[in-house]
């Protein structure tokens with residue numbers, strides 16, 4: 001059974017997207033789809049399939065989110081692992097690497113994730129879209145999760 005589409009319930013958002021060379025094609029397809037859905041999308045690169053370093057694009061997207069230039073971000077690399085680590089170096093970014101919609105929903109609902117990471121070599125376009133739909137359509141639950149999320153922006157010594 002295919003995942004239910006929630007995107008049509010989502011208000012248009014400012015979304016930033018970035019990848020490395022391994023995820024360039026996936027990024028392009030997702031960017032086009034998100035624009036068609038009416039989102040204000042900023043593509044932070046790269047602009048082609050030439051080899052690039054994923055930390056550069058993860059840092060760039062994290063800085064974009066931290067500066068308040070986008071509501072949410074989406075990043076991708078071959079596995080999604082490297083670029084998610086890069087994004088999470090910024091204390092104002094909470095990046096979750098997911099491969100299915102339940103984790104994407106929980107990342108927003110419980111962790112107030114503001115960046116979604118995808119592994120281009122591990123999931124197809126339909127699953128990537130299903131993850132994004134769940135991510136964009138789920139609000140942060142707050143409540144008991146608020147205290148925990150606040151600790152994520154602090155050093156372990158200060159938490």
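Filter region 120-142 down to the residues that are touching a strand residue (DSSP E or B) at 6+ places or on another chain (Cβ under 8 Å), touching a residue at least 60 places away in the same chain (Cβ under 8 Å) and closer than 18 Å to residue 79 by Cβ and list them by number.
120, 128, 132
Name the one entry in 29, 50, 100, 36 that is in contact (Cβ under 8 Å) with a residue 40 or more places away in the chain and out of contact with any strand residue (DSSP E or B) (no Cβ under 8 Å at 6 or more places or on another chain).
29
Just checking, which of 45, 82 is at positive phi and at pLDDT 95 or above?
45
Based on what the data block shows, is residue 95 touching a strand residue (DSSP E or B) at 6+ places or on another chain (Cβ under 8 Å), closer than 13 Å to residue 23 by Cβ and in contact (Cβ under 8 Å) with a residue 12 or more places away in the chain?
So residue 95 fails the test.
Identify, by number, the condition in (1) free of Cβ contacts under 8 Å to residues at least 60 places away in the same chain; (2) touching a helix residue (DSSP H, G or I) at 6+ places or on another chain (Cβ under 6 Å); (3) surrounded by 18 or more Cβ atoms within 10 Å (Cβ to Cβ); (4) closer than 18 Å to residue 97 by Cα that residue 55 doesn't meet.
Failing condition for residue 55: (3).
Exactly one of (1) within 22 Å of residue 150 (Cβ to Cβ); (2) touching a helix residue (DSSP H, G or I) at 6+ places or on another chain (Cβ under 8 Å); (3) surrounded by fewer than 24 Cβ atoms within 10 Å (Cβ to Cβ) is unmet by residue 115. Its number?
(3)
Among the residues of region 1-23, which ones are modelled with pLDDT under 50, surrounded by fewer than 11 Cβ atoms within 10 Å (Cβ to Cβ) and not in a loop (DSSP other than H, G, I, E, B)?
Across region 1-23, the qualifying residue is only 8.
Any residue at all in region 72-79 that's out of contact with any strand residue (DSSP E or B) (no Cβ under 9 Å at 6 or more places or on another chain) and either modelled with pLDDT of 95 or more or over 21 Å from residue 104 (Cβ atoms) (or both)?
Within region 72-79, none of the residues are out of contact with any strand residue (DSSP E or B) (no Cβ under 9 Å at 6 or more places or on another chain) and either modelled with pLDDT of 95 or more or over 21 Å from residue 104 (Cβ atoms) (or both).
Please find, among 141, 107, the residue that is on the phi < 0 side of the Ramachandran plot, in a loop (DSSP other than H, G, I, E, B), surrounded by 13 or more Cβ atoms within 10 Å (Cβ to Cβ) and in contact with a helix residue (DSSP H, G or I) (Cβ under 8 Å, 6 or more places away or on another chain).
141
Among the candidates 130, 96, single out the residue that is part of a helix (DSSP H, G or I) and buried (at least 18 other Cβ atoms within 10 Å of the Cβ).
Exactly one of 130, 96 is part of a helix (DSSP H, G or I) and buried (at least 18 other Cβ atoms within 10 Å of the Cβ), namely 130.
The values are calculated or read from the model by the stated rules, or taken from the named source; none is laboratory data. What you see is a predicted model; the values in this text were computed from it and never measured. Counting neighbours? That spans all protein chains shown, and the Cβs are built from the backbone with ideal geometry, glycine included.
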